[in-house]
Every structure is written in C-alpha cells, then in structure tokens.
Amino acid sequence: MNGNGATLATRPAPLGLLGVLATVGMLFAAFTAAYLVRRTAADWRPVALPAIAWANVAVLVSSGAAVEAARRTGRGPWLLAGLGLGVAFLGGQLLAWRDLAGRGVFLATGPHGSFLYVLSAVHGAHVLAGLGALAYAGARPAALGTASAFWHFVGGIWLYVLVVVSVL
Amino acid sequence: METARPPASASALAAFFVVLAALTALGFAAISWLPVVASEHGPGVDRTIVYILVVTGVLFLVGHAVLAGFVWRYSRGGTPEYRPLSPKVEWSWALLPVLALTVASEVGVLVIGGPAWSQIYGETPAGALEIEVVGKQFEWLVRYPGKDGRFGRTAAELVHDVRNPVGLDKKDPAASDDVVLRGALHLPEGRPVVVRLRSLDVLHSFAIPELRVKQDIVPGHLGRTQFRPVRAGSYELACAELCGLGHYRMSGKVVVEPAPEFERWLREQAGWFE
Amino acid sequence: MIESSGHEGGHEAPRGFLRRYVFSTDHKVIGIQYFLTAVVMALVATVLAMLIRVQLAWPEKAVVAPETYVSLVTMHGTLMVFFVVSLALVSGFGNFLIPLHVGARDMAYPFLNMLSFWVIVPGCVLMLASFLVEGGAAAAGWTAYPPLSALGKAVPGSGLGQTLWLLAMALFIASFTMGGLNYVTTIVNCRTRGMSMMRLPLVVWTFLISAVLGLLSFPALTAAAILLLLDRHAGTSFYLPAGLVFGNETLPHQGGTPLLFQHLFWFLGHPEVYVLVLPALGIGFEVIAAFARRPPFGYRLSVYSILVIAVLSMIVWGHHMFVSGMNPYLGKYFSIVTVLITVPFSVLGLNLIASLWRGRIRLDAAMLFALGLVSAIGIGGLGGLYLGTATSDLYFHDSYFVVGHFHFTIGTVTFFGIYAGTYYWFPKMFGRRMDEGLGRVHFWLTVTSLFPMFLLMHYQGLGGLLRRTYDPTVYAYNAAARGLNLSITLLAFGLGAGQIVFLVNLFRSMFAGERTGENPWQATTLEWTTESPAPHGNWRREVPSAHRSPYEYGRNGGAEDFVLQSAEKA
C-alpha cells in the first residue's frame, strides 16, 4: 500500500474520526434494531412528535451550515453562530421533552415514547461531545475539519433518527 | 548442526500431545456418556453428535500426530532455509482444509442434522397430545386440557402460588376441568406430544435430557416444542437456563407409560376447580 | 478534537514518578499498567473459580449459599472475559507492541490512551465493590439476560450489584473503544517508512482486526445496557413483557421481549470471542516463527483467514440462541454460517503447525506455551462444531460441554497467548529475562492440569450435566458426568498452584532476572532493534524503516540465521 521508502502520512485524524463515526453509527444501528423489534409488540401506540421537533431540525441544520461556513472561510463568528445554534438545539430538545411530558408521555408511559426519550438523550450526549469538539476547534483551528465532520455526522444521525421514529 | 536425538523436552512435549490426543479420543469412544435415548427424534440428535465425534476425532488425532511429529523431528537442529512460498503454492495448500472442513461441517448441519431438526421444528403430526408446561421460580407446573380437550383462559393477575399456580380463570367454562400438576409430567408412549411453554417470571429452559428435548421458555412468548416419547420409563425434567438462586433444584419428573395406562391415569385426575 | 502526538524529535522522557509511571502517556507504560491490572483481577477471578470448584466437588457440604454461587459464576465469567483477558491480551500487549512493531514512537493519540486506562480503573473498582453491596454481586450470568438481570425480585444479585455491573461494563466499553481507535489509527497511519500492510507482523494484523471488530460490535452492548438500566430503574418495558408474576404480584410492565436483549448481547458477545482469540493467535505466530527459525507458513493466507473470520463473526451471533425459540429457518441459517468459521480457523491452525516444518525448534517457555496454544485451538475449534451445528447444540446447549469449549477458546488459547507473550516480550518490557526453569515448571504444571480438566468438562456435557448448577446431585441421570467433578476440582487446584509459579517468576524477574540485550531471541521484528527495556520514544536514534518481510529467519550466509526487518537490502 505504501511504496518502499515513502514517508507515511502522519495525520491520523481522518481515520480516527472514521472509527468514531463507525462506532457511533453502530450504536444507533443497534437502537434501530431494538426499535424495530419492540414496535411489533401489541402495546405499541405511536406518539405524535412534538411540533417543536421540526423547528429543532431547522436549528440543527442551520448550525451545520454555519459550521460549514466557518470551515470554508475560517471565520470565528460563523463558528460562534454554529455553536450557539447547537446549544439552542439542545434547549429545543428539552422543550420537546416538556411537550411530551405535558401530554402525559413520560419515559415509562409507552414504548414509542420511551424510544423518543432514549434516542434524543443518547443523541444529545453526542451533540454535547460535538459542541465540545467545536469549542476546541475554536481554540485550535487545525481541528476544525475533524470537528465539523463530526458535527455534520451528529446532525445527520438526528435526521435519521427522526425518520425512524416518525415513519416506522 | 543436526543431532541424532531431540532434547528431552521435545520428546516430552511430543509425547504429551500424543497421549493427550489418544486419551481424549479414548474417553469419547470407550465410554457411552450420553444418557439413554427415549424419543423418536433422539437417535437423529445422537447420530449428529456421533458424526461430529468421528469427523473431529480424526482431525484431532491427525492434527496432534503431525504437531507431535514436527516438534520431535525439528527439535534436532538442522539448518532451516528462508524460502517464502509463492501465492500459488499457498492457495493450493489452503484448498485441502477449505474443502475438507466445508464439506465435513455442512454435511453435519444439513445432511445428518437436518432431518432431526425438521422433526423437532416441522409440522405437528396428526393426533398429537397437547399439554402446557409453565415454568416459574423454581417449579414446573403442568396443565392438561381436561375432558373437554380445551385449555381454559389464564391470566397473570389470577396467579397464586398455592390457590391457583397457573392463573386459571374460573369464569371460563373450559378452565374448570383443566388438570394442573406440580413437577410431574405424564406422557403416553408412542404418541406425539406438543408442549406449550409459558413462563411466569424469568427465562427457563424445558429440558429432558433422555428425550433430547431442550427449549427455552421466554416470558411474554408462548413457546412450543414437540417430540414423541417411544420408550416407557421415568425420566427427569430439568431447567437448563439460569433462573435464579434455586435454578439447580428446578427439577421435575417425566413418566412415559403405555397409552392405555396413560389414559386411565388422566381420567383419574380431577380438574383444578373440581 | 483529538490530535496526533507528532512526537518526532520531541521524545524526552517525562520526569517525576507520577508522570512517568502513573499518569503516563507512554504506550509501553500503559501496556504494563493494563497487564498488572489484569493480574490483580485474575487473582480475584481465580479465587472465585476455586470457590465454584469447591462447591461442585462437595455439594453436600454447601460451602457457599446458592445465591452466592450464582454470583460466583457470573462474576468469574465477567472478570475473566472483560477484565482479565481483554485487559492483558488486547489492551496490555496491544498497547505495548503496536507502536514498537509498526515503527512509531507512540500511539496516534497518547492522551486518549492514558485516558482509556484511567477509565478502566474505576470500572475495576466498581466491579469488585459489587461484592460488598446488599444482595451481593450480579447473579444473572455473565450474559446478564433479563428478566433475571432486570428485577431485584428475581435474584438478590440483581439489586445494586447488577447496577454496578452495568456501570463497570460501560466504563470498560468506553476504555476499549478509546483503545480500539488508537490501534486502528496507529496501525494504519503511523507505520514507519517501508512498513506496508503486507509487511506488518501477523500479530499487528490480529490487533487491527480485533480493534475493528470491537469498534463495530461493542455499541450493541452499550445500547443493550442502556435499555436494561432503564428497565431496571425507570420502569420502562424494553425487555420486560406483561404478566410477570413474583410472589403473587403482577408487575406493571408491558410488551417488552427478553429476546431483544439476547440478540443485542450476542451481536457483541460473539465477535468478542474473536477480539480475544485473534491476538492470541497472532502472538502464537510471532513466537513460533522466532523459536522455529522459520517464517510463519502462509502469511497472506493467514491475513485473509483473519479477515474472513472477522466478517463471519459478525453474522453468526444467533448460534447462541438455537433453543431460544427463534424461527427454525433462522436457526438453520445461523448454523450453516457458523460452522463455516471452522474453515478459516483450520487454515490458521494448519499454518501454525506448518510453520514448524523444517524448522530448528528451541523449546523455551514462550515456545512451549505457543505450542500448547496450537493444541488448544484444535480442541476449542473442533469443539465449536458440536455447538455450531444446531441439531447437536440442542443437546449440548447450556451444558458443561459449552463450559469446557469456551474455556479452551477464550480461556486457554488466550491465556497461553498471554503467557507465551509474557515470556517472549518480558525482556523488552523490563530489560530482564524471566527464569527459564520456573517457566518450564509453570508450563508443565499448567498443561497437565488444564487440558484434562477442561476435556473432562466436555465429557460431562456429553453426559448431560448442566452448567450454572449449584448442586448437580438433584438429578439422577447425570450421575456418571457429575462423578468427574471431584477430579476436575483437584485438577483446578493444580492449575491454580501452577499459576503461583508464574506470578513468583514474573515479579522476581522484574527485579532479579538476568539482564538482556537488544535482541535476546535473535528475532527479526522492529521491537528488537531498540534497547531493552525500550526507552521513551522507543528508539534513541532514528526510527528504523522496514526494508523486508518481518520474518526473514533461516537466511543462510553470515554468522546469524536471521535478518532484521530494518536491515537494508544489499
């Protein structure tokens, strides 16, 4: 793969990132499998998604766009905007939880609701990690490529999760 | 460099491998460890086991003989040469184990094991006796449908250790004559049996080693297994899936008796609410 | 987020005891830390095993209580699989060897590496602490199947003990994931000049594949554990169905299925076997090459076999569930693919044996254990056929045949890999040799007790003896099988005694072993081109380049019969 005597690339970040994405991807794949199995049970009653969930998607997508702009232009304000929108997304998710709770859907009320809480919580943890990575990239711009890739992945995961919980 | 005799350690190791292989094979071949077999599909299971014993036995003996031989032969010194193999030679060497093991293992699964597997999980033969076995910590409960031949309704809320162990619904007319026994299973010789499996609490596994029967019982699922006892006698029912601290003592009795005797026995049993 | 160490040039050793030996980012120190942690956990796990054996040999004396017994088997399995073998073999040797083998000054992410170790330490503490809490340690088996593991009412150990078990496993997974990321990136991206993938020592290949398998399969257990925690503590019903009755009381759960957990667990559980076994095989290849003075037979073939095993291992998990009530056609599929794993495995086994052909074998302790490993692969691998074939598994499932089988595969093969590796790389770790005489005593005490012991368990399984049975005398049909219990227990004592010899040798040799030079075994791979013990940054001079295959043994001409991988071609 590498010619004799050639110097190897010493930038492990892309591959390390790929490893992270693979393992996080498998985590959500496992949850999807659990979801698919669990929904065949007789007690499955779909819960309507909170309206704010869709607004949250818009926030998350614009955050991704802002981070992308930061990566391309290297401008700090874009990164700050991306971070702010990311935090806003988490806040929005909390509001979505409140909406569910207000409708009497708690963690243990029914299986669909349980998955909504679990998936959004596990995803939220990855959003937090992504925010941390973006903040780190704010201090060390060399890491922005990696951090933004992770951020887009986390955003994509949420779109995927929404499709799973609303369509299936 | 080459010496006539290998060092003592090499002889010892080679001897160890040979003795290990020989004793292992002897242990499998000379003693019949399997309990008696008392079901129709049982010999099919045993045949599969014996087939694998023979195949793996040969591979095991030959492998260890070669290993021992190499250890003994090539501990005498000598001057090894660095001669990497060409990919072609490598692949042709691999062909032998690939072919041998693919054939040997799939013959075991499909040709030898397949028929018995289909017997256990295939269609139920006509005229089968249907009974229900309920597992709970740490006891087996057995239910016969009674004279009406129908299982009555049960409900978890009605379960009471002493008064109503399987949770029979008194209001269901079909339930009143259901026979419920603790820890004992009576079966007619020669007639196919279908067992409905339920658990009240955790995982259990319905195992009758002499009948070569083993089926996990998963709470929330109505399980099922079928077999045909062909040999009258008294056998043991065991729980084969860890179910708690009393798992080891969750045993039961299986009585296989000639059909007329079984019928007589069944007639004598009163329904749980009778 | 995470950055490469760079390390080039700046490889000054840190000063101060804490930075050097405790919170070190040096992969060698971390590897040894993992190894020593595993030794401590192994001592605990061995004591548990001895208690199990005492109970089984003299069930009428009821040495332990039944609820303690189920905790013992649960914790013995958990500790051995995740906190002994995984830590010593994969985390320990993986950390120590990979940068030395690929020609890197350290792992790709040294800080992450240090973090991975300091995450596992609280994991070990939690696991051990669970023995002291009310209800005792987890008691639902190392597989932690719900409902048993989900309900404190089901078994005492499913109280706080099971919660601690789950938290400790979460820490283990986090640690293992960090390690795996480091392995993959280091092996792929930090190789020295000339170290093409097909010039990697085989053991590095096994670490690579093992890490990839770990990264892909462990998330399933993470998901399973999160859902189990919620079922336990938040009242959800992922695994718990309606109508569970405990003490005449019906639980309020609805609609869950315990089978979901089994699928998720084994999606991890089966690849985990290969995560552990493959590196042991890799060590076998290294040691056998060095002590037979021959390149391992069929390098390419071995690499491809490892890859095939990795792929197959991800799609066969259902063979642990043949009798769980799964669809019989699905069972047949799992059976058909499962037994195919014997094919690449037999290729690896034959390659190991063929590596001896026309060699000049020297039977040092490392080599003895490597050869024992070959035999154990044979027994373990062939034993797998009985369990992978659905029809015979029907009889063997949850019997002592399974216990004997996995003690050969994830027990013996891995432990022999660890032992062979320890005797072989000890000079590189500590600059001293382990005592050869004690090593031989250790080997002979081990093999003469271990092989008969676990083989007898196969007979017990054939006789129908069921595993996790506190008192087998409850049944009459297993009389012949359980009659072997006393012998097995005595052999277990012998095995335990043999390991004391190893521990004495290990700790004595650290301080009083004979000092060695760079390359005491006259081996070829890159770790032998630096001094022993290897310094911080691994090479004081420039990092060597790879100029040839890693195994040029038996080269004629010249005083030596080998050529270092770093030697330039003439």
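Note on the range C:326-483: dipole from Cβ charges, positive end direction compared against C:His407, C:Pro344, C:Ala370; the farthest Cα belongs to C:Ala370.
Between B:Ser234 and A:Ala29, the C-beta separation translates, for a Förster distance of 56 Å, into a calculated FRET efficiency of about 0.65.
The distance linking the range C:303-360 with the range C:14-66 is 30 Å (Cα centroid to Cα centroid, whole angstrom). Each principal axis of the Cα cloud of the range C:178-269 was taken in turn, and the coordinate range along them, longest first, works out to 70, 19, 18 Å.
Give me D for the range C:6-84 in µm² s⁻¹, whole number, from Stokes-Einstein with Rh from the Kirkwood sum over alpha-carbon pairs, 4 °C and 1.567 mPa s. D = 84 µm²/s.
Taking the centroid of alpha carbons for each part, the range B:198-262 and the range B:1-45 are 33 Å apart.
DSSP loop trypsin sites (Lys or Arg not before Pro) in the range C:525-570 with at most 12 other Cβ atoms within 10 Å of their Cβ, which ones? When the trypsin sites (Lys or Arg not before Pro) of the range C:525-570 are filtered for loop state and at most 12 Cβ neighbours within 10 Å, C:Arg540, C:Arg541, C:Lys569 remain. For the range B:125-268, the percent of C-alpha pairs falling in each 10 Å distance bin, counted from 0 to the bin holding the largest distance, reads 12, 44, 35, 8, 0.
With K and R counted +1 and D and E -1, the other residues having a Cβ less than 12 Å from that of C:Met321 yield a net charge of -4.
Measuring between their Cα centroids, the range B:147-178 and the range C:523-570 lie 78 Å from each other. The magnitude of the dipole of chain C, with charges of +1 and -1 set on the Cβ of Lys/Arg and Asp/Glu and taken from the Cα centre, is near 940 debye.
Taking all Cα-Cα distances within the range C:263-417, those exceeding 29 Å account for 20%. For the range A:47-167, the Cβ-based charge dipole about the Cα centre amounts to some 220 debye (Lys, Arg positive; Asp, Glu negative; other atoms uncharged).
List the aspartates and glutamates whose Cα lies under 13 Å from the Cα of C:Lys428, skipping any in the same chain that are fewer than 8 positions away. Once the sequence-local aspartates and glutamates are set aside, what remains near C:Lys428 is C:Glu514, C:Glu518, C:Glu527, C:Glu531. With helices as the sole contributors, chain B gives -11500 deg cm²/dmol at 222 nm; each DSSP H run of n ≥ 4 counts as -39500 (n - 2.57), and the sum is divided by every residue. Taking Cα atoms only, the orientation of helix C:485-512 departs from the longest principal axis of chain C by about 30 degrees. Counting only lysines at least 8 places from B:Lys136 when in the same chain, those with an alpha carbon closer than 18 Å to its own are B:Lys214, B:Lys253, C:Lys153.
In a simple Cβ point-charge model (Lys, Arg +1; Asp, Glu -1; nothing else charged), the range B:189-274 has a dipole of about 240 debye relative to its Cα centre. In the protein assembly as shown, taking the dipole from charged Cβ atoms about the Cα centre, the farthest positive-side position among C:Gly141, C:Ser545, C:Val155 is held by C:Ser545.
Can you give the direction-averaged projected area of the convex hull of the alpha-carbon atoms in the range C:157-225, in nm²? Display every interim value, and only then the final one.
Values: hull surface 21.3 nm².
Approximately 5.3 nm², given one-decimal rounding.
Along the Cα-to-Cβ line of A:Tyr160, 7 Å from the Cα, sits a label point; which residues in the range A:47-63 have backbone N less than 14 Å from it? None, by backbone N distance to the label point.
To one decimal place, what orientation-averaged projected area in nm² is obtained for the convex hull of the Cα set of chain A? Don't skip to the answer; put the middle values down first.
On the way: hull surface 46.4 nm².
For the Cα atoms of chain A, the hull's average projected area reads 11.6 nm².
With Cα atoms as the point set, the radius of gyration and Dmax of chain C evaluate to 23.6, 83 Å. If R0 is taken as 35 Å, the Cβ-Cβ distance between B:Ala156 and A:Leu128 corresponds to a FRET efficiency of 0.25.
Across all Cα pairs in the protein assembly as shown, the calculated P(r) in 20 Å bins from zero up to the longest distance comes to 13, 42, 34, 11, 1 percent per bin. Of the residues B:Gly246, B:Trp265, B:Leu99, the one whose Cα sits farthest toward the positive end of the charge dipole of chain B, with +1 on the Cβ of Lys and Arg and -1 on the Cβ of Asp and Glu, is B:Leu99.
Quote the FRET efficiency, to the nearest 0.05, computed for A:Leu49 versus B:Ser118 with a Förster distance R0 of 51 Å and r equal to the Cβ-Cβ distance. Step by step, r from the Cβ atoms, then E = 0.65.
No value in this document is a laboratory result; all are computed from the given coordinates. The structure displayed is predicted, hence computed values, not measured ones. When we count neighbours, we look across all protein chains shown, and the Cβ atoms used for this are built from the backbone with ideal geometry, even at glycine.
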